[in-house]
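Asks: Once you've had a glance at the structure underneath, I'll fire off some questions.
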Amino acid sequence: MIIKYQLKKWIPENKLVKEVLTLNPVIELEKGKKHKDNKITDKNSYFFINELSIKSKDPTMIEFFDNHVDKIDWNMMLSQNPKGYILGIKYFDIIPSKDKVLLCRYVEAFDFVISNWEKIPHKYKWYYLCQNPKAIDFLEQNQENIDWYSLSINPAIYEYDYKKEARIRMNIIRMELMEKTWHPKRYIDWCL
């Protein structure tokens, strides 16, 4: 297996959590496995599941919940629905403060989250923001607040190693060129 990605230069490898790195979609991609999605689901959640709570996870129900905001299970909507950020941004002011933090995970909501950073009064906002691939430049500027466990899951901690890839491809061309150029038949024709 040839690793075509390397960690960004500002990320110290010793601070990342090795066990969690295996969950990173880039590592899964390198192994040739397809990762289900780029979002991490909370396996320790304990929701009171009812029919509307379950429907809060369904991306096709966004229009329904837009007309019935009082029926939304915000925790389920923002943690499990890939389009939950749409309603999260629209109804930001009525979302319970403990659930606002879940917007930090959405790539699409990154600019909104940063512009409303002070309105998210939760100790876990850095935890969720560290999972957001679009936040990588913001995190580089705020390294003292990084949750290294959560950052280990973020696929944006890697960058494509173009120099290594160029060397590998050049070696293939170099070998082929040598084989063709110094082939005995060609060498004899050239020398005689």
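The numbers here are math on the coordinates, done by the rules we state, and not lab data. All values derive from a computational prediction rather than experimental measurement. Don't worry about glycine lacking a Cβ; one is built from the backbone with ideal geometry, like all the others, and counts go over all protein chains shown.
Asks: Listing 146, 188, 11 from the residue with the fewest other Cβ atoms within 10 Å to the one with the most, what is the order?
Replies: By the 10 Å Cβ count, ascending: 188, 146, 11.
Asks: Turning to a different aspect of this structure: If the chain between residue 183 and residue 58 were fully stretched, how many nm would it gain, using 0.36 nm times the residue separation less the Cα-Cα distance?
Replies: 38.7 nm
Asks: For a protection proxy built on the mean count of beta-carbon atoms within 10 angstrom, sort 167-179, 56-68 highest first, please.
Replies: Per-residue mean Cβ counts within 10 Å order the peptides as 56-68, 167-179.
Asks: Next up: Return the tail of the calculated pair distribution for region 45-187, meaning the percent of Cα-Cα pairs more than 21 Å apart.
Replies: Of all Cα-Cα distances in region 45-187, 56 percent exceed 21 Å.
Asks: Assuming R0 = 35 Å, what is the FRET efficiency of residue 163 and residue 137, from their Cβ-Cβ distance, to the nearest 0.05?
Replies: 0.95
Asks: Ordered by residue, what ³J(HN,Hα) values in Hz, to whole numbers, does region 74-84 give under the Karplus form 6.51 cos²θ - 1.76 cosθ + 1.60, where θ = phi - 60° and Gly and Pro are x?
Replies: 3J(HN,Hα) across region 74-84, in whole Hz: 4, 4, 5, 4, 7, 9, 10, 9, x, 10, x.
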